[in-house]
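These notes concern the structure reproduced below.
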């Protein structure tokens, strides 16, 4: 077990779980609180840590090894310039990782787990998914290794970036004035987690929203549109197996129905909701086509903070 693994397992993990439980206790005194969803999130955290510690290989491992072998230079954090380069570089890589995790179905398989919670709170922040090594999450950060940063240092920087994002999952925090649109704030992250058609696929930044502004994906929170959390087609179960494997089952069914190689590629690498006939490169009208109640399910009738019915 590496020092970083020990730090996460014995230092950070108990602290963030305690913070999530304290918030849950505080919220439960004021509104209905879904403790079962919190349990699923904590279980996801524990299983993910065990996978990261005891499963040595990841889909991104060959990419990381190649990047390290062919690195342009050797970089360390000896000066502020290298620190700034790592910070901005990580933000850039994280933005594209996060955007791809929403717009490429293969990466959405794992990231959908994070968005599966129908309530947004600190507990939902730790529900990141257990398949990151399978889908190849770290491949997006390979350019930093190729540039010259040690892979463990990049991993530590990514961990710190994710730790910053923990607190912005607290929905009771208000908008933060002039910081909105610059930093990733609770308000900006409410928009990111919302399944309302007005908010879908926005605010991908980790600490900063600079790249969202640059690439046109920044959307501010609106007073007239209350965020509705969860997936467009919500998972109403607290069974962790359903939370983890629903998107995989949907993908396998689609792949089984594919009649051409281009359909297989489309199902794997086009945005969620893609269907044959849409074309491999044309945009998918996800905001209009998918943000509607599927098959009569009570999507629009579930208010933010309301407990969802048992499966």
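Only the coordinates and a few stated rules stand behind these numbers; no lab work does. Everything numeric here is computed off the predicted structure, so don't read it as measured data. Cβ atoms come from the backbone with ideal geometry, glycine included; neighbour counts cover every protein chain shown.
Run the numbers for residue 9 and residue 236: contour at 0.36 nm per residue of separation, minus the present Cα-Cα distance, in nm.
Values: separation 227, 0.36 × 227 = 81.72 nm, distance 2.97 nm.
This chain segment gains 78.7 nm when fully extended.
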Next item on the list: Only helical DSSP H runs with n ≥ 4 go in: add -39500 (n - 2.57) per run for the chain, normalise by residue count and round the 222 nm mean residue ellipticity to 500 deg cm²/dmol.
Entry: -15000 deg cm²/dmol
Next item on the list: Quick one: go through segment 88-115 and flag any residue whose amide nitrogen is under 15 Å from the point 7 Å out along the Cα-to-Cβ line of residue 268.
Entry: 104-109
Note to self: Quick check: from the Cα gyration tensor, does the chain come out rounded (a/c under 1.5), prolate or oblate?
What the structure shows: rounded
Checklist line | Mean projection area, nm², convex hull over Cα of segment 109-232 | finding: 8.1
Next item on the list: Any chance you could run the full-extension gain for residue 74 through residue 88? It's 0.36 nm times the residue separation minus the Cα-Cα distance, nm to one decimal.
Entry: 3.3 nm
Margin query: Could you tell me the relative contact order of segment 133-287? Use alpha-carbon pairs under 8 Å, at least six residues apart, and round to a whole percent.
Written below: 14
Note to self: Suppose the chain between residue 225 and residue 213 were pulled fully straight at 0.36 nm per residue; how much longer would it get relative to their current alpha carbon spacing?
What the structure shows: 2.2 nm
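Under 1.5 on a/c is rounded, so check that first for segment 1-91, then, if it is not, pick prolate when a/b is larger than b/c and oblate when it is not; a ≥ b ≥ c are the square roots of the alpha carbon gyration tensor eigenvalues. It would help to have the intermediate numbers written out before the result.
Numbers: a/c = 2.88, a/b = 1.91, b/c = 1.51.
Cα axes put segment 1-91 in the prolate bin.
For segment 66-182, rounded, prolate or oblate, judged on the Cα gyration tensor with a ≥ b ≥ c (square roots of eigenvalues), a/c < 1.5 rounded, else prolate if a/b > b/c? Kindly include the intermediate steps, with their values, before the conclusion.
Numbers: a/c = 2.41, a/b = 1.39, b/c = 1.74.
The shape class here is oblate.
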